[in-house]
């Protein structure tokens, strides 16, 4: 991203659910669009709490592997 901030008058950042890590094409496009940050909230780790809070995107997944996919995608 060397010099990227001088090319455009604004920056891209967003907040996303952990399940964005399942969409490799979207993460690739975000990298191409030069998103500089993606905030991902991982608030709850217990299954019971996830069910109670209806956090379906966080259930039945390896959260560490999902975060690693974000990190290696460049977003």
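Remarks
- Stretching residue 71 away from residue 13 to a fully extended chain increases their span by 19.4 nm, per 0.36 nm per residue minus the current alpha-carbon distance.
- 18 Å cut-off, amide nitrogen to a point 7 angstrom out along residue 53 Cα→Cβ, residues in the range 10-27: 15-21
Quick note: the coordinates plus some simple rules give every number you see, no bench work behind them. Worth saying up front: this structure is predicted, and the values here are computed from it rather than measured. Cβ coordinates were reconstructed from backbone atoms using ideal geometry, including for glycine residues, and neighbour counts include every protein chain displayed.
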